[in-house]
Amino acid sequence: MSTASRPAPTVVAPRSMPTGQRNVVRSNDSASLWNCTLSPGWTQGEVQILRKALMKFGVGNWMKIIESECLPGKTIAQMNLQTQRMLGQQSTAEFNGLHIDALEVGELNSKKQGPDVKRKNNCIVNTGGKLTRDEVESRRNAHRERFEKEREVWANIVLERVDSPLVVLERKREELKGLQSELQQVLDQIRAVESTEGQPSYSDKQVGSKRQRE
C-alpha cells in the first residue's frame, strides 16, 4: 500500500469534563474539608486569625493585616491564597473591602454543584469570560447586603500581636547564653571551694573516674 492511500490518523481533541467526582458534593463532606483546606505553611490556628482579620479589616486589605502583626511572616500572596480556600472560590475581587466571614461564604460555595461548577483545589473557578468592572461592583453590592458584618461587630474584634519566629528564636538564644553563664559561675564556685579545702577539683574527679574505668 502506498503512503498516499493510508488513512490519516484520527486525532481526538482533549475535553474537560463538565461534571465529575470532584464537582459532586457527597453527603459526608463537611465545609471544613470541602473548602477550607490549608495552604502550605498554615495551621488551623492561623486560619482562624486570618478569618478574624478579614472581618476586621476587610478582604484584600493585606497591608493592614501585616501592620497589625497578628500573622508575622505571612506574605500577601500566602494570605490571598488561603483566603481563596476559605471563600471556596478563586475570584476574590467581588469581596474586596467587605468585612465578611470568609468561612460563611465558603460553606455556601461548598454546596454548589452542577455542570457549570468547576473546581480546582476545592475552589470554584470562573469558566466564563472576565467580569467587567460593573459586574464585579454589582456582585460586591450583593455580597455586602448578604454577608457584611455590622460595624459594631468587626470594629470590636481584637487581634493579638504575635512575635515573629525570628524574634522568638533570638530571645531563646539570649536565654540560653544566660543559662550557660550561670552554669559556668556555679562550676567556678565549686572549683574554688574544693581548692580551699584541699580536695580534688570537680575536673580532677572526672579525670580520676575516667582512669579507674580504664
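The values are calculated or read from the model by the stated rules, or taken from the named source; none is laboratory data. It should be emphasised that the depicted structure is a prediction, and the values quoted were computed from it without experimental measurement. Every residue, glycine as well, gets a Cβ built from its backbone with ideal geometry; the counts of neighbours run over all protein chains shown. These accessible areas exclude ligands, DNA and RNA; they are computed on the full protein's heavy atoms, side chains included. Shrake-Rupley method; radii C 1.70, N 1.55, O 1.52, S 1.80 Å.
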Looking across the range 117-147 at residues that are in contact (Cβ under 8 Å) with a residue 60 or more places away in the chain and in a loop (DSSP other than H, G, I, E, B), the single one that is least open to solvent (accessible area, probe 1.4 Å) is Val117
Taking the range 56-71 and keeping only residues that are part of a helix (DSSP H, G or I) and either open to solvent by less than 30 Å² (accessible area, probe 1.4 Å) or over 16 Å from Ala155 (Cβ atoms) (or both), one is left with Trp62, Met63, Ile65, Ile66, Glu67, Ser68
Filter the range 148-168 for residues that are in a helix (DSSP H, G or I) and among the aliphatic types (A, V, I, L, M); the one that is farthest from Lys64 (Cα to Cα) is Val168
Query raised in the report: Would it be correct to say that Asn109 is over 19 Å from Lys52 (Cα atoms), in contact (Cβ under 8 Å) with a residue 12 or more places away in the chain and open to solvent by less than 20 Å² (accessible area, probe 1.4 Å)?
Result: yes
Filtering the range 72-90 down to residues that are over 12 Å from Gly41 (Cα atoms), in contact (Cβ under 8 Å) with a residue 40 or more places away in the chain and buried (at least 16 other Cβ atoms within 10 Å of the Cβ) yields Arg85, Met86, Leu87, Gly88
Flagged in the range 46-55 as among the β-branched types (Val, Ile, Thr) and open to solvent by less than 10 Å² (accessible area, probe 1.4 Å), in numbering order, are Val47
